[in-house]
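Read through the structure below, which is laid out as C-alpha cells, and then see the notes.
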Amino acid sequence: MAIVHDELLAWREEFPLARQATHLIAHSLGAMPRRARTKLAQYLDQWDTRGIRSWEDAWWTLPLTVGDILADILHAPHGSVTMHPNVTLAQAIVLSAIDFQGGRDRLVCTALDFPSLLYLYDGLADRGARVTRVPSDDGLTIDAQKVADAIDERTAVVALSAVLFKSAAIVDLAPVIAKAHKVGAPVLLDAYQWIGAIPLDVTALGADFVTGGSVKYLCGGPGAGFLYVRPDLLSSLKPRLTGWIAHPEPFGFDPGPMRYRDDGLRLLNGTPHVPCLYAAQAGYEIVREVSVEAIRAKSMRLTARIVEFARERGWTVNSPLDGARRGGSVSLGVADPARVQKELDRRNVLCDWRPGAGVRFGPHFYNSDEDVERGLAELSDVVGTA
Ligand SMILES: Cc1ncc(COP(=O)(O)O)c(C=O)c1O
C-alpha cells in the first residue's frame, strides 16, 4: 500500500466513533462530530435560560439560518435554502404547490428513485397526477436520455434522484434539465447521496428545486432535511402543505384565507424541529470547512481501492467502475449480503446492504486508508467462510 499524506485525518479526533469502529457507512449514517454535543448543550442552555424569548433570539428563523450553511455548500445564495424534517416532507412541500391540471398532469421520475419518494409521487394520483417511472435497464443505473425522452409538454414536474442509493451511480442531469426547461417543466432533485460527497453548484446546474438530508455525508444526524428553491421561483410558490410559520403575520392568528411571506419561511408549515437543527449544524459547518472538493478527492481514492480489491477477487461491483460516475459508496454483489453485513457488524465493521446491490461500503473524510483495508480484509474473510 502506498503511503499517502492525508491532511483530512486531522479531523479523525472530532469523530470518536471513527476510532472505535471501522466506520464505512457515511452513505447511511455519517459519524457524529463531537461538536454536535456542544450544539445540543447550547440548545438546552437557550431553552433553560431564555425560555419563550428563544423564538425571537434565534429559533423562529433557524430553518433559514441553518439553511444558509448549506447554501454555502450548494453554492446557492443565502435565503434560498430552508430546513425541514426530512427529504420526503421537503419534496411534499414543493409538490403540494404544483398543479397537475390544464394538460400538464405528468410527473416523470425513475424506477431507482428512493422508495419513500416513489410512494409520495404515486399518492399524487389523487390530485390528478399521472406518474411516468422511467425504468432502469440493469437495476443499477438510469439512462438520462430515456428520462429526457419521457419529458414533454404534458410534464408538470420532473422528480429524480441525482445519485442512486443502491449503486451510487451518478445520473447525468444535464440532458434531463435541458429537456425539462425546453418544455417549461421544473426539475426537483433528490441530492441526498450527493450532498457532502460530491461538489454541487446548484446555480450552475440550473436546478429548480434540490432536496437532501442530514444523516449521511453531512454528518448532521436525523431530523433535518433541506430544500433549495431557485430564487426567482420563490415568490410564485404557494405550497398547499403550509402553516402559520409561512404566514407574514403568524401572531395575528388570522383564520384565513392563507397569505404567504415573501422570504423562504413561506415554505415552512408548523413549529420547526429546533433540537435537530442545533445538532445538525455541527456536521454542516465541518463539511463546509473541510470542503466538499477535498472530501471528493479522498473519496475517489478510497472507493477506487474498494473497487480494485473486489475485482481482484472476482466479486461483482454493483457501482460504476469509473470513479467520475460513482458517488461516495461502493456496492459489492457478494452472496447473502444480509449474513455478511451482520457478521461484519459483529466484527465491528459498520456497513449496510441493499437488495439487488449487495454490501455497501461508504468511507468518508475521517476514515484512514487502514480503515478501508481492515474493512476489506474482514469482508474477504467473511465471504470466504460462507
Ligand atoms: C437517495 C435518498 N433519498 C432519500 C432518502 C431518505 O429520505 P428521508 O429524509 O425522507 O428519510 C435516502 C436515505 O435515507 C436516500 O438514500
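The values are calculated or read from the model by the stated rules, or taken from the named source; none is laboratory data. What you see is a predicted model, and the numbers here were worked out from it, not measured in a lab. A quick note on method: Cβ atoms are made from the backbone with ideal geometry, for glycine too, and the neighbour counts reach across all protein chains shown. Please note that ligands, DNA and RNA were not included when accessible areas were found on the heavy atoms of the full protein model with its side chains. Shrake-Rupley method; radii C 1.70, N 1.55, O 1.52, S 1.80 Å.
Just a few scattered comments:
- Some residue of the range 264-276 being polar (S, T, N, Q), more than 14 Å from the ligand (Cβ to nearest atom), assigned to a loop (DSSP other than H, G, I, E, B) and farther than 28 Å from His181 by Cβ: yes
- Residues that are within 13 Å of the ligand (Cβ to nearest atom) and open to solvent by 10 Å² or more (accessible area, probe 1.4 Å), drawn from the range 119-160: Tyr119, Leu120, Ile142
- Residue in the range 83-104 that is charged (D, E, K, R), in contact with a Gly (Cβ under 7 Å, 6 or more places away or on another chain) and not in a helix (DSSP H, G or I) present: no
- Leu89 meets the conditions (1) free of Cβ contacts under 8 Å to residues at least 40 places away in the same chain; (2) within 16 Å of the ligand (Cβ to nearest atom); (3) open to solvent by 40 Å² or more (accessible area, probe 1.4 Å) in every case but one. The failed one is (1).
- First in the range 114-132 and polar (S, T, N, Q), second anywhere and open to solvent by less than 60 Å² (accessible area, probe 1.4 Å) and within 16 Å of the ligand (Cβ to nearest atom), Cβ under 8 Å, 6 or more apart: Ser116/Val87; Ser116/Thr88; Thr132/Cys109
- Given (1) within 30 Å of Arg374 (Cβ to Cβ); (2) within 16 Å of the ligand (Cβ to nearest atom), index of the condition Arg37 fails: (2)
- Test: residue in the range 230-244 that is out of contact with any strand residue (DSSP E or B) (no Cβ under 6 Å at 6 or more places or on another chain), within 16 Å of the ligand (Cβ to nearest atom), modelled with pLDDT of 95 or more and not β-branched (Val, Ile, Thr): yes
- Counted residues, the range 29-43 - those being in contact with a Phe, Trp or Tyr (Cβ under 9 Å, 6 or more places away or on another chain) and either in a loop (DSSP other than H, G, I, E, B) or modelled with pLDDT under 95 (or both): 4
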